[in-house]
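The values are calculated or read from the model by the stated rules, or taken from the named source; none is laboratory data. This structure is a prediction, so every number in the text was calculated from the model and none was measured. With ideal geometry, Cβ positions are generated from the backbone for all residues, glycine too; neighbour counts draw on all protein chains shown. Accessible surface areas use protein heavy atoms only, side chains included; no ligands, DNA or RNA. Shrake-Rupley method; radii C 1.70, N 1.55, O 1.52, S 1.80 Å.
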Amino acid sequence: DIKYAVETLNFTKGLPHALQSKFVGIIAKCSKAQIIPKMTPLFTEGDTEGDEGYILLDGEVAVRSMQKPEFSVWGPELIGETKQFNPNSLRTATVEAVDDVKVLRFDWSEFWNVAKRNLSEEETEQMKEALSNYAWEHFSG
């Protein structure tokens with residue numbers, strides 16, 4: 001169930017329940033379900049192009065970076081958020097499908113546009129802070 005997967009993302013756990021529900025609605029408005037074939041990169045470390053984020057619903061992706069050892073991530077998981085908070089707008093890792101993976105793909109610019117129309121200023125700041133903290137955990141963890 002997509003709604004359940006989005007609601008159980010680690011970064012949403014610290015958000016108020018009403019904001020968690022709004023996040024689900026925002027993702028529903030701006031994302032598209034896709035199957036990414038095995039061995040396909042979602043993005044590459046150092047890239048500045050592209051604005052996409054993903055919610056990995058099912059499957060495994062490999063995360064490779066010059067900064068730390070390779071590791072795997074399984075769904076549900078938010079992927080691609082770190083670039084939003086990188087001052088150079090660089091991808092900090094290469095992420096590649098280990099097997100066929102089911103994702104919700106969205107563009108961050110559209111996400112923030114929909115968020116601004118559906119959230120108060122305070123809620124938008126809470127969302128940014130939660131995503132920033134989550135991105136920092138991914139980057140430093």
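With θ taken as phi - 60° and the Karplus curve 6.51 cos²θ - 1.76 cosθ + 1.60 applied, the whole-hertz 3J(HN,Hα) list for region 116-133 is 4, 7, 10, 10, 6, 4, 4, 5, 4, 5, 4, 5, 4, 5, 4, 5, 4, 4 Hz, x standing for glycine and proline.
Accessible area per residue (1.4 Å probe, heavy atoms of protein chains only) ranks M39, M127, M66 as M66, M39, M127, with the largest value leading. In degrees between 0 and 90, to the nearest 10, how far off the longest principal axis of the chain does helix 17-30 point, with axes built from Cα atoms? Taking Cα atoms only, the helix is inclined about 60 degrees. Computed on the chain, with alpha-carbon pairs under 8 angstrom and 6+ residues apart, the relative contact order is 33 percent. Probing with 1.4 Å while keeping every protein chain in the model, the per residue accessible area of the chain equals 54 Å². Positive contributions from Lys and Arg (+1) and negative ones from Asp and Glu (-1), summed over other residues with Cβ under 12 Å from the Cβ of E7, come out at +2. Within the shell of other residues whose beta carbon sits under 14 angstrom from the beta carbon of K102, the net charge comes to -3, with Lys and Arg scored +1 and Asp and Glu -1.
Modelled spin labels at T44 and N118, positioned 7 Å past Cα toward Cβ, are 3.3 nm from each other. The 3J(HN,Hα) values that the Karplus relation (6.51, -1.76, 1.60; θ = phi - 60°) gives for region 59-70 are, in residue order, x, 10, 10, 9, 10, 10, 8, 5, 8, 7, x, 4 Hz. Gly and Pro appear as x. The accessible surface of the chain, taken with every protein chain in place and a 1.4 Å probe, is 50 percent carbon and sulfur. For region 36-41, 3J(HN,Hα) computed residue by residue from phi via the Karplus equation (6.51, -1.76, 1.60; θ = phi - 60°) reads 9, x, 3, 6, 8, x Hz, glycine and proline entered as x.
Neighbours of L56, meaning other residues whose beta-carbon lies under 9 angstrom from its beta-carbon, give a summed charge of -2 when Lys and Arg score +1 and Asp and Glu score -1.
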